[in-house]
Each structure stands twice: as structure tokens, then as C-alpha cells.
Amino acid sequence: MQQWQMATLGEAALELATVDVPTPGPGEVLVRVKAVSLNYRDALMIDTGMGLPVSFPFVPGSDMAGEVVAVGADVTRVRVGERVVNTFWDRWFDGEHAPAGLKLFGGTLQGVLREYAGFDEAALVRAPSSLDDVAASTLTCAGLTAWFALFGAGRKLVSGETVLMIGTGGVALFGAQLALAHGATAIVVSGSADKLARAAALGVTHGIPRQEGWAEEVRKLTQGKGVEQALELAGGDMRETMTALAPGGKVSVIGTLGGDTLQLPVYSMLLKRAHVQGIGVGHRQGLEALVTAVDRHGIAPVVDAVYDFADFAQALAHLRRGAFGKVVVRVSTGSGPVA
């Protein structure tokens, strides 16, 4: 089989290599990878390793959808022929607090940019029946991050509330779609007029240009109340986000495009009794709940572009310059037994 790997850090080290197809041991599953969804952290892992203990040769990529083609002894969660997606963390199954010592795919574990990948059966979830492999591959990180922010940690979103998304990447658009599906109002803030128009075409309730003072527009749209939840995907200076927040509201900090240091106005935070939480994707139970929600509500993930496996470099370049939704690499369209 072929896989993208690197012997050292840095994009220049990426190469398409030929290696043996893994053989599943007891409790393990072999998956024919059909599609891999890219996240900005994949680019950071390639560039710097993000301070993690990377094992070389390193295969990047954390999110895939594929087909089970072989199982080891004692596997009960999945069967040969089933379509699956993988979890982001290896052993976080439920609960708001992740257990110590977790490992992640495309980080402390080898990634999924390969034609076949082996998993412990506990790291797999059945894919939504309503989505093809390209769309299903976007659930592992972006979809689950949005779901966990809204429903998995802290106060849960309820119908009639308002959710604010900063940006129009994969997590932001998933957040908007999930909010709308659950009877909430979705507000998106973006510096791109074109992306705001595309968000409106998806059914987003309000789009606001990202310029100084944009939070006042949010407050006008909410009759002065503010939003109950905010997905903070920029990070950095959060003064506008806190101004837009309603008393008792929740901010889920997800992105770091504005820098790795947050700036919070303390009086606004105290007087509003604001809840500020960090989101590190989510657990397997959340991914299963997301799959159910996708099928029940007919949610179609937003995919900006799909690239062939051999064109991973072009997909990575698209990821770096910013996408509306997700960038996906199509790995395989085949089926049947392992060659």
C-alpha cells in the first residue's frame, strides 16, 4: 500500500512511500481508508510536531472514513464490510473530563493518510448512512469539536437560544448547522464578504462583517441580550466576543489563529458570570451522538474542495490559505478484499 510519511519535520520531508499492509491482531481492525479530512493542526504537526513526541517515519492526518476489510480475534464492535469513522483520541469514551495519558491519531499515534490503516476496535464508530465517505471523514475532529462545544461540556444548547461562530472554517460551519438543526439562531462573523454570502446560502441566520465594534451588531440582533454560546475560533483578543456574550453565557475556546495567548476583559467576565472553557475535540460517545444527529437532521458537512491522494501537497496548500468548510483528500474508491 501507499502512505504519505516524513522522516523529519517539515513539509519538504513529505514523501509517498510504499509499505506493507498491516495485519490486524486480537481486538484490532483493518480499514481501507476512503477519505481523509484535513485540519489546520495537520499542517502544524507537519511543520513543528506541536511539541509532541513524534515517531518517524511519521504519517500525518487524524480524520478518516473507510471500510472494514479485516478483523482480528475477539472483535465485536464492527464487522467486515461496514463503513466507519475513527475517533480523534484513542481511549476517551465518555464523560466531560478526558482520562490521563490519551493518545491522538496523526500526533502521538501514526496518522491516517494511507490506503489501509489499523485501529483498535474501540477507536471506531459506524459512519452515518446519509453521508458518503468524503463527507463522513469530516466528523472526527471538526464535527465532533462543534458538537462537544454545544452539547458535550458545560451548559447544553437548547432551542430558542443564539450561537455565535467566529469564522467560517469546518468547526464554525458545523456549529452553525447543529445550532440551526436544534432550533437555535446562528450568527457567523467573518472578514470575508464572499464567505458571509456563502454562509447565508447555507441558512445561517445572520452574517456580520468582522470589523471593529462587530459585537454591538450582535447585541442589536439579540435585542440587547447577547448570545448564550460562542465558538471562539480565532482566540487572541476576545474583547468583542465577551461583549457579545449574554449573562451566564458560555464561550468555547477552540482556535488559536489570533495567537496562543488569550486576552479577556476581566470585568465583563465577572459581571456576566461567563463560562469560558477549552475544547479538545471530544469523546466517542459524542461522535456516536453526532452521527445520529447527522442522519436525523440531514446535516450535510460543508466541503470546500476534494483532492486526489497523489495531490496531497495541493490539498495542504489549500488548507494553509484558508477554506470555507473542509478540505478532503480522497484516498480510495475501491472495495473488496485486500490485494
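From the set of residues in the stretch 164-187 that are in a loop (DSSP other than H, G, I, E, B) and not hydrophobic (A, V, I, L, M, F, W, C), which is surrounded by the most Cβ atoms within 10 Å (Cβ to Cβ)?
Thr168
Looking at the stretch 37-59 only, could you name the residues that are of a type in the set (A, V, I, L, M) and out of contact with any strand residue (DSSP E or B) (no Cβ under 6 Å at 6 or more places or on another chain)?
Ala43, Leu44, Met45, Ile46, Met50, Leu52, Val54
For the stretch 188-216, how many residues are among the charged types (D, E, K, R), at pLDDT 95 or above and either closer than 17 Å to Gly249 by Cβ or not in a helix (DSSP H, G or I) (or both)?
Residues meeting the conditions: 1.
Residues that are acidic (Asp, Glu) and touching a residue at least 60 places away in the same chain (Cβ under 8 Å): which strands (runs of 3 or more DSSP E) entirely in the stretch 221-307 hold 1 or more of them?
By residue number, 227-232.
Looking at the stretch 159-166, is at least one residue at positive phi and at pLDDT below 95?
Scanning the stretch 159-166 turns up no residue that is at positive phi and at pLDDT below 95.
Scanning for something at pLDDT 95 or above and under 19 Å from Val163 (Cβ atoms), does the stretch 255-265 turn up at least one residue?
No, the stretch 255-265 has no match at all.
Taking the conditions exactly as written (assigned by TED's automatic domain parsing to the domain that holds Val19, in contact (Cβ under 8 Å) with a residue 24 or more places away in the chain, loosely packed, with under 15 Cβ neighbours inside 10 Å and out of contact with any helix residue (DSSP H, G or I) (no Cβ under 9 Å at 6 or more places or on another chain)), does Ala117 satisfy them or not?
So Ala117 does not fit the description; no.
Leu104 passes all but one of (1) buried (at least 17 other Cβ atoms within 10 Å of the Cβ); (2) under 24 Å from Ala310 (Cα atoms); which number fails?
(2)
In the stretch 40-65, what residues are under 17 Å from the mean Cα position of the chain (by Cα) and closer than 18 Å to Tyr116 by Cβ?
Pro60, Gly61, Ser62, Asp63, Met64, Ala65
The values are calculated or read from the model by the stated rules, or taken from the named source; none is laboratory data. Quick caveat, the model's predicted, so the values are computed rather than measured. Because the Cβ atoms are built from the backbone with ideal geometry, glycine has one as well, and the counts that use them run over all protein chains shown.
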